[in-house]
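> My questions all concern the structure below.
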Amino acid sequence: MIQGHPARDILGHVFGYSEFRGQQETIVDHVAGGGDALVLMPTGGGKSLCFQVPALMRPGTAIVVSPLIALMHDQVSALTEAGVAAAYLNSSLDFSAAHAVERALDDGTLDLLYVAPERLMTPRFLDRLDHLRDTGRIALFAIDEAHCVSQWGHDFRPEYLQLSILPERYPGIPRIALTATADRQTREEIVRRLHLGDARQFVASFDRPNIRYTIVDKDDGRRQLLNFIRDEYPRAAGIVYCLSRRKVEETAAWLQEHGISALPYHAGLSTEMRGEHQNRFLRDDGIVIVATIAFGMGIDKPDVRFVAHLDLPRSIEGYYQETGRAGRDGLAARAWMAWSAQDIVNQRRMIDESEGDENFKRLARNRLDALVGLVETTSCRRQRLLAYFGEESKPCGNCDNCLEPPQTWDATEAARKALSCVYRSGQRYGAGHLIDVLLGETSDKVKERGHDRLSTFGIGRELDEKRWRMVFRQLIAREFLRIDHERYNALSLTEAARPLLRGETRLLLRVPVEKTRGRRHKITHHDIPDGLPTTLYDRLRAWRVATAKARNVPAYVIFNDTTLREITLARPTTLTALSHVTGIGDRKLEAYGEEILRIVAECG
């Protein structure tokens with residue numbers, strides 16, 4: 001424990017920040033005073049400070065439960081750089097290293113200890129905690145990534161369920177559970193399973209105003225992705241999510257062939273390769289990771305400039321969590337996604353074929369439907385996204401729909417023609433054949449099946465084939481039509497189609513945007529917004545990379561981009577002036593201050 005420093009002094013002297021953000025100070029005071037807390041705060045919102053500061057205010061060692069080795073390593077590295085006595089216990093340590101950490105814990109020289117849930121629950125470790133409890137030397141328990149306790153999420157960790165013993169075995173020791181993503185149902189599950197019914201809940205705004213949301217219709221997704229990266233983020237760090245391991249491998253290879261520094265990441269790769277690729281992403285500039293959802297939880301890298309989805313995520317909650325890994329440094333970032341109706345069909349099939357019970361499937365379908373509403377909306381995407389989490393907002397002005405409001409057309413009559421054609425042809429044919437009938441194409445198959453004599457033959461000549469494909473895609477996405485995969489993708493009507501067929505409801509669709517290939521502003525890791533002079537900034541970045549490699553830590557652990565930008569703008573000439581820069585605490589000022597001042601002086 002750091003003696004004699006209230007919360008604000010610790011914030012400034014240790015972490016280099018002059019002010020708390022949002023509810024941070026209230027949370028810190030509550031936990032430091034012995035209260036339990038459930039904290040829901042967006043990625044990049046400063047969750048870690050909510051337990052790290054009270055850990056330094058209270059006597060003893062804070063035990064931080066964390067699910068990932070990489071996350072523990074990076075947070076401990078960052079704390080050590082800031083002068084905090086922190087360590088971790090996990091399977092990456094050999095016997096002697098683990099023994100040294102345990103000895104430091106017993107000796108009371110650690111401020112924070114990060115452990116995996118399965119390590120914490122071993123009888124040997126619990127016995128050690130019992131001794132610390134009996135001698136008054138446990139500061140608090142922090143349960144990071146608390147949504148891992150939810151059996152509805154893809155990050156579920158069964159070991160987290162055992163953490164319910166903490167209040168029984170260690171009464172009176174404050175607990176703080178933290179997550180960046182939790183809808184109402186997941187929040188209730190965290191409270192129930194971790195016995196946090198009496199905990200004070202802190203729910204910050206879910207808004208990430210620095211992220212711009214863009215969702216496009218998929219039309220050669222890999223090419224669209226490449227154009228997006230080349231046009232806007234060449235040489236910048238990014239994450240690309242795909243649903244299958246095969247698609248991850250193929251997309252990473254294809255991007256590499258086209259000059260993008262891309263690496264694959266999925267559970268099928270060896271542990272060594274996953275570790276190597278993750279480390280390169282964290283420590284090198286401009287790496288793009290192409291991954292399944294196996295990648296990302298707990299990734300602290302602040303300068304991820306974009307997150308892209310080549311497949312539809314499974315829920316709005318998953319989408320929010322994954323896109324939240326962009327722009328943690330508060331600078332401008334993008335969430336880009338290409339989707340198709342086939343993505344929705346595939347997701348629904350996966351739900352139907354899953355081993356979950358009917359209640360699980362019903363909830364999964366509801367979550368998918370909410371996501372479909374987000375991708376189809378013609379209004380503000382951020383407004384729709386925040387509404388899912390129960391948060392009211394105004395149009396953001398920083399999503400694709402706000403920046404370029406889509407035009408819509410009344411597709412009700414076209415939809416009725418399409419549904420009639422499905423019905424009158426016997427609900428046994430795919431979209432391609434049905435479009436031929438609507439357009440009046442006298443192909444051999446149309447004639448052979450007698451469909452040139454249907455009442456719907458040729459009634460759709462007012463639209464071209466591309467527009468009809470969009471109509472069918474939307475009818476499938478909105479569940480007016482279902483696909484029978486066992487009958488060669490035959491389309492059939494659902495109950496939802498009846499009101500539309502009867503003219504009791506309307507269907508508004510987007511007017512397709514003709515895609516023109518225009519070169520937009522490129523944002524690279526060398527571009528410095530706001531007119532910052534590049535010479536000093538580049539020198540500082542180069543120094544940071546060299547220093548990080550020498551210390552074997554990610555570059556952002558030394559200083560993040562926001563700190564370097566502020567140095568570049570302020571051009572401090574004394575240690576006192578440098579100490580006022582965000583992110584420079586006492587330990588970093590002592591370690592790096594003179595070198596930074598020298599670089600500033602050399603750059604004039």
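The values are calculated or read from the model by the stated rules, or taken from the named source; none is laboratory data. Predicted model only: the values in this text are computed from it and were never measured. Because the Cβ atoms are built from the backbone with ideal geometry, glycine has one as well, and the counts that use them run over all protein chains shown.
> Could you list, in sequence order, all residues of the range 570-604 that are assigned to a loop (DSSP other than H, G, I, E, B), surrounded by 16 or more Cβ atoms within 10 Å (Cβ to Cβ) and out of contact with any Ser or Thr (no Cβ under 8 Å at 6 or more places or on another chain)?
First pass over the range 570-604, keeping only residues assigned to a loop (DSSP other than H, G, I, E, B): 571-574, 580-585, 603-604.
Keeping just the survivors that are surrounded by 16 or more Cβ atoms within 10 Å (Cβ to Cβ) gives 572, 581-585.
Result: P572, G585.
> Would you check which residues across the range 61-110 are among the small types (G, A, S), modelled with pLDDT of 90 or more and under 19 Å from L282 (Cβ atoms) and list them?
Going through the range 61-110, the residues among the small types (G, A, S) turn out to be 62, 66, 70, 77-78, 82-83, 85-87, 91-92, 96-98, 100, 104, 108.
In the following step, the residues that additionally are modelled with pLDDT of 90 or more were identified as 62, 66, 77-78, 82-83, 85-87, 96-98, 100, 104, 108.
Of everything in the range 61-110, those that are among the small types (G, A, S), modelled with pLDDT of 90 or more and under 19 Å from L282 (Cβ atoms) turn out to be S66, S77, A78, A82, A86.
> Now for a different question. Can you tell me which residue within the range 332-361, out of those that are of a type in the set (A, V, I, L, M) and assigned to a helix (DSSP H, G or I), is surrounded by the fewest Cβ atoms within 10 Å (Cβ to Cβ)? Even if it seems obvious, please write down each step before you answer.
Within the range 332-361, the first condition is being of a type in the set (A, V, I, L, M), and the residues that meet it are 332-333, 335, 337-338, 341, 344-345, 350-351.
In the following step, the residues that additionally are assigned to a helix (DSSP H, G or I) were identified as 341, 344-345, 350-351.
Details: A341: 23, I344: 23, V345: 18, M350: 13, I351: 18.
That would be M350.
> Here is a check on your reading of the model: is I293 modelled with pLDDT under 90, within 18 Å of S244 (Cβ to Cβ), under 12 Å from the mean Cα position of the chain (by Cα) and among the β-branched types (V, I, T)?
On the way: modelled with pLDDT under 90: yes; within 18 Å of S244 (Cβ to Cβ): yes; under 12 Å from the mean Cα position of the chain (by Cα): yes; among the β-branched types (V, I, T): yes.
Considered against the rule, which asks whether it is modelled with pLDDT under 90, within 18 Å of S244 (Cβ to Cβ), under 12 Å from the mean Cα position of the chain (by Cα) and among the β-branched types (V, I, T), I293 comes out as yes.
> Additional query: Can you tell which of R428, R365 is among the basic types (K, R), within 26 Å of I483 (Cα to Cα) and not in a helix (DSSP H, G or I)?
Working: R365 fails: not in a helix (DSSP H, G or I).
None of the other options fit; the residue is R428.
> Any residue at all in the range 309-328 that's crowded, with 22+ Cβ neighbours inside 10 Å and on the phi > 0 side of the Ramachandran plot?
Looking for residues that are crowded, with 22+ Cβ neighbours inside 10 Å and on the phi > 0 side of the Ramachandran plot, one finds at least one in the range 309-328, hence yes.
> In addition: Any residue at all in the range 194-202 that is farther than 30 Å from L132 by Cβ and under 22 Å from the mean Cα position of the chain (by Cα)? Before the answer, list the steps.
Keep residues of the range 194-202 that are farther than 30 Å from L132 by Cβ, which gives none.
There is no residue in the range 194-202 that is farther than 30 Å from L132 by Cβ and under 22 Å from the mean Cα position of the chain (by Cα).
> Whether any residue in the range 97-105 is over 26 Å from the mean Cα position of the chain (by Cα), under 20 Å from E145 (Cα atoms) and aliphatic (A, V, I, L, M) is what I want to check.
no
> Continuing with the same structure: Does the range 137-156 hold any residues that are farther than 22 Å from V76 by Cα and outside any helix (DSSP H, G or I), and which are they? Give the steps one after another, and end with the answer.
Taking the range 137-156 as the starting set, the residues that turn out to be farther than 22 Å from V76 by Cα are 149-156.
S150, Q151, W152, G153, H154, D155, F156 - these are the residues of the range 137-156 that are farther than 22 Å from V76 by Cα and outside any helix (DSSP H, G or I).
> So, restricting to helices (runs of 4 or more DSSP H) that lie completely within the range 209-325, which ones have at least 1 residues that are farther than 30 Å from R565 by Cβ and free of Cβ contacts under 8 Å to residues at least 12 places away in the same chain?
The helices (runs of 4 or more DSSP H) meeting that bar are 221-232, 245-257, 271-283.
> A further question on this structure: For the list (1) within 17 Å of K47 (Cβ to Cβ); (2) crowded, with 18+ Cβ neighbours inside 10 Å; (3) of a type in the set (S, T, N, Q), I need the number of the one condition that T214 fails.
If we test T214 against (1) within 17 Å of K47 (Cβ to Cβ); (2) crowded, with 18+ Cβ neighbours inside 10 Å; (3) of a type in the set (S, T, N, Q), just (1) comes out false.
> Could you tell me whether any residue of the range 62-71 is closer than 17 Å to L110 by Cα and either free of Cβ contacts under 8 Å to residues at least 60 places away in the same chain or touching a Cys at 6+ places or on another chain (Cβ under 7 Å) (or both)?
Looking for residues that are closer than 17 Å to L110 by Cα and either free of Cβ contacts under 8 Å to residues at least 60 places away in the same chain or touching a Cys at 6+ places or on another chain (Cβ under 7 Å) (or both), one finds none in the range 62-71, hence no.
> Looking only at the range 451-493, which residues are farther than 15 Å from K417 by Cα and either among the polar types (S, T, N, Q) or modelled with pLDDT under 85 (or both)?
K466, A477, R478, E479, R482, I483, D484, H485, E486, R487, Y488, N489
> When both residues are 6+ apart or on different chains and their Cβ atoms are under 8 Å apart, which pairs have a first residue that lies in the range 583-604 and is closer than 24 Å to I10 by Cα, and a second that is charged (D, E, K, R) and part of a helix (DSSP H, G or I)?
So the pair list comes out as G583/E566; R587/E81; K588/E81; A591/E81.
> Answer yes if at least one residue in the range 77-84 is farther than 22 Å from R551 by Cβ and in contact (Cβ under 8 Å) with a residue 60 or more places away in the chain, and no otherwise.
Step one: filter the range 77-84 for residues farther than 22 Å from R551 by Cβ, giving none.
No: zero hits.
> Conditions: (1) within 21 Å of the chain's Cα centre (by Cα); (2) exposed (fewer than 15 other Cβ atoms within 10 Å of the Cβ). Y241 meets all but one. Number of the miss?
Evaluating Y241 over (1) within 21 Å of the chain's Cα centre (by Cα); (2) exposed (fewer than 15 other Cβ atoms within 10 Å of the Cβ) leaves (2) as the failure.
> Taking L194 as the residue in question, decide whether it is outside the structural domain of G330 (by TED's automatic domain parsing) and in contact (Cβ under 8 Å) with a residue 24 or more places away in the chain. So that I can check it myself, show each step before the final result.
Numbers: outside the structural domain of G330 (by TED's automatic domain parsing): yes; in contact (Cβ under 8 Å) with a residue 24 or more places away in the chain: yes.
Yes.
> Quick one: P209 ticks every box in (1) within 21 Å of the chain's Cα centre (by Cα); (2) surrounded by 15 or more Cβ atoms within 10 Å (Cβ to Cβ) except a single one, so which number is it?
That leaves (2) as the condition not met.
> Another one. Answer yes if at least one residue in the range 411-425 is loosely packed, with under 13 Cβ neighbours inside 10 Å, outside any helix (DSSP H, G or I), out of contact with any Pro (no Cβ under 6 Å at 6 or more places or on another chain) and not aliphatic (A, V, I, L, M), and no otherwise.
For the range 411-425, residues loosely packed, with under 13 Cβ neighbours inside 10 Å, outside any helix (DSSP H, G or I), out of contact with any Pro (no Cβ under 6 Å at 6 or more places or on another chain) and not aliphatic (A, V, I, L, M): absent.
> Out of A496, A414, which single residue is in contact with a helix residue (DSSP H, G or I) (Cβ under 7 Å, 6 or more places away or on another chain) and within 17 Å of A341 (Cβ to Cβ)?
A414
> Additional query: Which numbered condition in (1) part of a strand (DSSP E or B); (2) closer than 19 Å to W336 by Cα is the only one that F202 fails?
Going through (1) part of a strand (DSSP E or B); (2) closer than 19 Å to W336 by Cα one by one, F202 breaks only (2).
> May I ask you to list pairs of residues, at least six apart or on different chains, whose Cβ atoms are under 8 Å apart, with the first in the range 363-387 being farther than 19 Å from L507 by Cβ and the second being of a type in the set (D, E)?
R367/E317; R381/D400; R382/D207; L386/D207; L386/E392
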